[in-house]
Each structure stands twice: as C-alpha cells, then as structure tokens.
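Worksheet: one structure, shown below.
The values are calculated or read from the model by the stated rules, or taken from the named source; none is laboratory data. All values reported here derive from a predicted model rather than from experimental measurement. We place every Cβ from the backbone using ideal geometry, glycine too, and count neighbours over all the protein chains shown.
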Amino acid sequence: MARLKRLAEKDEELIIVKTPITTTEIADRVKHYDLLEPSKFSKRYNNLLYRPVSFSLNGEEHKIQYNFCGNPYCKWPGLPQKKFTSVKGNPSRYRLSGRGKGENQAIICNDVPTGVVKGMTWGCTTFPVSNWSVAEEIKRLVHIETIKDVEPNYQFHKEGCIQEGTTTFEDVHLFYKQGKSKTNAQVWQCKTCKKKTSLMPTRKQSTTYHQKRNDILPSLVMDLLNRTPVTRTCEKLGIGVSTYYHKLEWIYRRCLEFVERHEKPAFERIEFPVMWLNTDKMTYNLNNVRKKGQGGKGFDDVEEAQFPTQIVVTADVHSKYVFRSDIAYDWNIDINDIKLDTVLFKEDHLNEFCRKHGRFRKHSFYPMPPSKNDTQTEWEYKQTLQEFDRRERYIDGLHVNSTYTTIAHLWLIKQMVKASEWRFVTDKDNSLMTAFSRVFANETRLTEAHHFISMVDRTKSLKQCNQEFKDGRAELLRWGNAMMHDTRSIWQLAYLYLIEVFKSKQFHEEVMVGSERHHKWAESPIEHPIPTRDKGFYYVDCKTDLSSLEPKEIANLVLNVSDYSTNNFMQQIRRRLSIIERPLVTARGDGKSYIYANFNPKYAQFALTILRIFYNFCEATKDLDGIKRTPAQRLGITDKQFDLKDILYLR
C-alpha cells in the first residue's frame, strides 16, 4: 500500500556531499590566514580548482570535476589537469591566468609538445567553476523535487500498560479491530488497556486526508493555469491567501507523486537511440520585498524593488516534452550557514572557484574583519557587511549564478534519460554552451554528442518574418524546379539543398601548422533553408566536430535544429502563470509594473512544475497526421492522455 507523502524537509540529507578538503588542510588555512596576504593565501589553496568532489545519490557514488577545456577542436577537451614530468620544465595541461579577484581568472590550455597527443590548443579559455558549489546546486535541485513517506509516531497503549511497546504491525493478536475511521483507515484497540488508535490512511484509502475544501482543487489549478491572479482566485473560491498557498503546495506534491508513478519508471525502462535536447533561459522579475518588521523610516537603506530571476528549461526537440524547468534561486539558504562556512574554511580569502558557496557570486562568503596582513580597509569591510545586513531584511534566499543551475539541471537530465547519442540545441548563450561542454564532455570527445547553435535576429518585425516565411518557401520551390527534383515537399527540398551546401562548406576550417592540418571551429553559421512565421530566416552553427560525417548526415542533423520546443513552453509560462508575468505599463505610462509577480520564488517553482506536468501529460495538440497527442505520448513514455483529476487524485 502506498503511504501518504510529504515534501522533503530542509535539513534532510538526501545527497551527502563529501567535503573536498581534509582537517589537516583546514588547520593549515587557520594557521596561514593571518600570516599571508589574501592574494598569496588564495594562490596557496588553488589546487582545489581541479580536485573532484564526491557525493552519494540514491545509494550511488558520483564524482564531478568540471574545470577543463570545453573546446572540441582542442587537444585537451574534457581531460583533467595533468603535469607532464617527461617534458622539459614539467608543464601542466592547463594554467590559471588573470589577476585580481577569482571571477577575472581563466583556465588556459598549454600547448605541451608531448608527441603523444596530436592537435592544437587554439589558446582556449575556460572560466572556472567551483566543483563543490556545483555539487551543492545538484543537491538543491534534488531536494526541491523529492517526496518522502509520512511516518507517523503511533501510541497504541495508555501509559503503564503491560503491553506497552507492542504494535499492530508485529503483534496483531494483542489488538481488536474496531472498524474504520472517517478517513477509511483501520482503527485498533489494545486488548489490555482498551486504548483505541486510528491508523493513518494510505494514499488509496483517502485523497483528502488533512484537506478541507478539497472540492476546490480542480478549480484552483485551472485558475492558476489560466493567469488568474491570486487575489481574484481567493475571492472566487472564498479562501484566504494562506489557504491558497497551502493548496498550491499540496498540488505540487501531488504532481511529484504523479511523476514518481509515471515519468521515472518510464525513463528507467526506455533507452533512446538519439535524444535531441533544446535548452534555453527566460527571465522574470521577482518582487523583492522586506520581511515583516523591517520597513518604516528607520530602514532607509533599500535594495532594488525587482530582481531579474533566471529560469532554465530543457525540452525534447521533436516531442516538445519538457524534462525540467528550474528557477536559479535558493530559497532555503541561510546567511548564517554562509557565515559559519566562511569562518570554518576561511573562504573570504579564497578565489570564487574554491568556495563552497561560489554559486552565489557576491554573497559567496560572509564579510570578515580584516586580518593582520589583509589588503581590505576597515571602511571596505563595513560596506560589504552592510550589504549582507541589508539582504537579511528582505525575502529569504539568494540568487544562483545561472551557469551552476544549468550544469546541475543538465546533469540530472543525463542521469534520468538513457540515450546512446545526444544532440543539443541552444542559442549563443555562454552559460548554456559551457554547461553542455562540461556535463557532456566525455560524450563529445567520443563524438556521441553534438552541440548546435540556433541564432535568430530579434530586431526583425513580425511582418518581416512573415514575408521571409513566404519568400523562403517560394525560393526553395523555385530551386527544386531548377534542379529538376520531382518533389514539392518543403522538407525534402530543404534536405536536398543542404546536401549541396555541405559538399563545399563545413562548420570547421582547416589550418596548416607546419606540415599538419588541424581543424578549428570556423564560427561561420549557415542559413536554415526553411524560415518560420515568427522568426523568418535563422542561422545554424555547430560547435562540435562533424568532419567524420557525410554531407547527407550533416544535412539531416541541421534540418532537425529547432528551438520551438522551449519557446513554446516559455510562451505557456508567460500566458498561463500570472506570478511569472511580462511587465504591465503603469497608469501614467512612464514605467513598468510587476504587480502580479510573486514575493517567494518557492511558489514560482511550484507553479512551474504544476504547469510542466499538465503540459506534458494533459495538453494534447495535433501532430502532422492530424491525431491529437500529448508530449508524453509523442515521446513514448505513456500511451494515454491524462486528465487533471488523474494527477490530483492519482486515479
């Protein structure tokens, strides 16, 4: 029998991240903290940059180390740091360059003449990340989507009963059955002390346990998914705001239970020959409000009223199935935790890529009083401390660097989906490109993964895009007639056209170095032959090496490049969720207003997940064959269209 579920608590250890530094190293940091200047102190402990971080998830041990070259045309892509003792000068594979603060430093590939590894380095530059902080971000994303069984603490006996300690689960003969409770659960009575105990119902016995006004749930979900503001929904249903958010959390939990029953088992049994992923980011403005009691005339020091907040979305290119949608915001982090780690690990004098909380950027360490040899002045210290104190007066949590969220986001998708080969489509966003090159480094090196970049001219008007859509298709038909092809299929003609293009063009260029030829990314995109109504003509590039493929294979790959799946879901977010809205023009017309934006990003994450499950399993659209299917049906993980009540009541 399936038990009732609850969301994971903040302090539950679902992932155990092993501290990558030893107690000896911590003692060494304490010893040298006052002896060295911050620059020399940070340099002393930069070896943490290339050190793998271990963590356990679901009983499996994982190791991550994402500081390496991500250029597929380099001689060192995805390879760990190594010192070549057989070469004069004992050079390393990578060197750390840049001066000043850690965020200005970069990993540069050394062109070590080993004679074993062929190729060039091309002066590749990679910005370092904190492996420790990546593991912490993976831990955060796992935590927010984990549900646990509710395990009640039953008292089956009165105090002093001689049978105290026995339970109905092991000693049934010591108890009477006393019928069923209102929740349809079994009631037991001790034969000795006569105490009656009602068991908690299972999920099948009751879908309304601890739920008043359970009848309003379908209406509340439809209001949520149809852009009805929170206040209007409360007025319509006759509930308070606290009840609204309590119901929202209950619905979110039911969505996670639904995923546990229908999504996870399906991905465990299905292996995809090729998986096409499209990842993109969108920005919404989080209302930044002060906590209760932190307003008034005594608090003149204020932060910005709106915080741009990133949402990372990944969907299947063909089925439009959305695998994940995550907000780059940690609402569970406590400033006191950062302070404690700063004191323990002396992180205020470390580079950002060596800090446990490097994903929080300017809040990655707590300001500490200047040490004996510190270069920071007392005034600078007080200024940074003031920023932290001001932050504590506002909503809980901190924004996460979207690169860390994207890396953790893709790592979890890679663990969930079994695929022999991967195809990845993004725009030219550095955080997305670097996340893919790190998470899928081994697959890229083995040519099992390829990264395509879709570039759109956002300055074109909708009228121009529509005209390009018409002209482009007409031009393709004229080309087909001129080449005497016996088809009028736009897709077939585009395929034939691309074959001709790739007979003379590649996404890489050949560079002669001495007597050897080397490949280098040309950064020369091609125009996709099929324009769309909303984008017109757009350009496609490939960041990985396709030189081993024939023109017809490359043409087939390029023809599949599309960002429609994430764009479509993001439009659903904008049109359906009022708390993640586009700005409204103010009454005076002199600015923008975000009056419906929410105060707590936790509830934005809840709403996103509810929308994602509804979109994947309930929202059917017509395919090319005219049959309506949901994204889950098109992907092949289910054979039916679900109803909203199937999710709410787990029918």
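Just checking, which of T377, T459 is over 19 Å from F537 (Cα atoms), at pLDDT below 95 and among the β-branched types (V, I, T)?
After ruling out the rest, the residue left standing is T377.
Search the stretch 317-345 for residues being charged (D, E, K, R) and either buried (at least 21 other Cβ atoms within 10 Å of the Cβ) or in contact with a His (Cβ under 6 Å, 6 or more places away or on another chain) (or both), and hand back the single one that is nearest to R634 (Cα to Cα).
For the stretch 317-345, the residue satisfying everything is K320.
Looking at L220, L286, which is the one that is in contact (Cβ under 8 Å) with a residue 24 or more places away in the chain and touching a Leu at 6+ places or on another chain (Cβ under 9 Å)?
After applying the criteria, what remains is L220.
Residue by residue through the stretch 620-641, note down the ones that are part of a loop (DSSP other than H, G, I, E, B) and either hydroxyl-bearing (S, T, Y) or in contact (Cβ under 8 Å) with a residue 40 or more places away in the chain (or both).
T630, G636, I637, T638
I526 - would you say it is closer than 25 Å to V317 by Cβ and in contact with a helix residue (DSSP H, G or I) (Cβ under 7 Å, 6 or more places away or on another chain)?
Criteria met by I526.
Quick check on D486: is it of a type in the set (D, E), assigned to a helix (DSSP H, G or I) and out of contact with any His (no Cβ under 6 Å at 6 or more places or on another chain)?
So D486 does not fit the description; no.
How many residues does the stretch 28-58 hold that are assigned to a loop (DSSP other than H, G, I, E, B) and within 22 Å of the chain's Cα centre (by Cα)?
Of the residues in the stretch 28-58, 2 are assigned to a loop (DSSP other than H, G, I, E, B) and within 22 Å of the chain's Cα centre (by Cα).
For the stretch 492-523, which residues satisfy the criterion of being surrounded by fewer than 11 Cβ atoms within 10 Å (Cβ to Cβ) and either part of a helix (DSSP H, G or I) or touching a residue at least 40 places away in the same chain (Cβ under 8 Å) (or both)?
If the condition is that a residue be surrounded by fewer than 11 Cβ atoms within 10 Å (Cβ to Cβ) and either part of a helix (DSSP H, G or I) or touching a residue at least 40 places away in the same chain (Cβ under 8 Å) (or both), then V513, E516 are the ones that fit.
Which numbered condition trips up I162, out of (1) more than 21 Å from F258 (Cβ to Cβ); (2) outside any loop (DSSP other than H, G, I, E, B); (3) hydrophobic (A, V, I, L, M, F, W, C)?
Unmet condition: (2).
A quick yes/no check of all residues on (1) closer than 30 Å to W521 by Cα; (2) modelled with pLDDT under 90; (3) in contact with a Cys (Cβ under 6 Å, 6 or more places away or on another chain):
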position: R6; (1), (2), (3): no, yes, no
position: T24; (1), (2), (3): no, no, no
position: H32; (1), (2), (3): no, no, no
position: E37; (1), (2), (3): no, no, no
position: Y66; (1), (2), (3): yes, no, no
position: K75; (1), (2), (3): yes, yes, no
position: P91; (1), (2), (3): yes, yes, no
position: G98; (1), (2), (3): yes, yes, no
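Filtering the stretch 194-219 down to residues that are at pLDDT 80 or above and basic (K, R), which residue is surrounded by the fewest Cβ atoms within 10 Å (Cβ to Cβ)?
This residue is K194.
Report yes if N46 is modelled with pLDDT of 90 or more and polar (S, T, N, Q), otherwise no.
Working: modelled with pLDDT of 90 or more: yes; polar (S, T, N, Q): yes.
Here the answer is yes, as N46 does meet what is asked.
Between residues in the stretch 12-30 that are free of Cβ contacts under 8 Å to residues at least 12 places away in the same chain and residues that are exposed (fewer than 11 other Cβ atoms within 10 Å of the Cβ) and not in a strand (DSSP E or B), which pairs lie under 8 Å by C-beta distance while being six or more apart or on different chains?
Listed pairs, sorted by first residue: none to list.
Restricting the search to the stretch 59-89, which residues are in a loop (DSSP other than H, G, I, E, B), under 23 Å from the mean Cα position of the chain (by Cα) and either surrounded by fewer than 20 Cβ atoms within 10 Å (Cβ to Cβ) or at positive phi (or both)? Explain how you work it out, then say what you get.
Initially, the stretch 59-89 is screened for residues in a loop (DSSP other than H, G, I, E, B), giving 59, 65-68, 70-76, 78-82, 84-89.
Restricting the remaining residues to those that are under 23 Å from the mean Cα position of the chain (by Cα) gives 59, 65-68, 70-71, 78.
Passing the criteria: G59, Q65, G78.
Specify which of the listed residues (L57, L49) is touching a residue at least 24 places away in the same chain (Cβ under 8 Å), outside the structural domain of K204 (by TED's automatic domain parsing) and under 26 Å from H143 (Cβ atoms).
L57
Name the single residue, out of those in the stretch 90-100 being of a type outside the set (D, E, K, R) and over 30 Å from S371 (Cα atoms), that is surrounded by the fewest Cβ atoms within 10 Å (Cβ to Cβ).
Filtering the stretch 90-100 for residues that are of a type outside the set (D, E, K, R) and over 30 Å from S371 (Cα atoms), the one surrounded by the fewest Cβ atoms within 10 Å (Cβ to Cβ) comes out as N90.
Collect the residues in the stretch 165-189 that are within 30 Å of L256 (Cα to Cα) and touching a Leu at 6+ places or on another chain (Cβ under 7 Å), keeping them in residue-number order.
Hits for the stretch 165-189 are A185, Q186.
Within the stretch 453-474, which residues are surrounded by 14 or more Cβ atoms within 10 Å (Cβ to Cβ) and part of a helix (DSSP H, G or I)?
If the condition is that a residue be surrounded by 14 or more Cβ atoms within 10 Å (Cβ to Cβ) and part of a helix (DSSP H, G or I), then C465, N466, Q467, E468, F469, G472, R473 are the ones that fit.
Residues I144, I107: which one is within 30 Å of F258 (Cα to Cα) and either crowded, with 16+ Cβ neighbours inside 10 Å or not small (G, A, S) (or both)?
Result: I144 is the single residue among I144, I107 that is within 30 Å of F258 (Cα to Cα) and either crowded, with 16+ Cβ neighbours inside 10 Å or not small (G, A, S) (or both).
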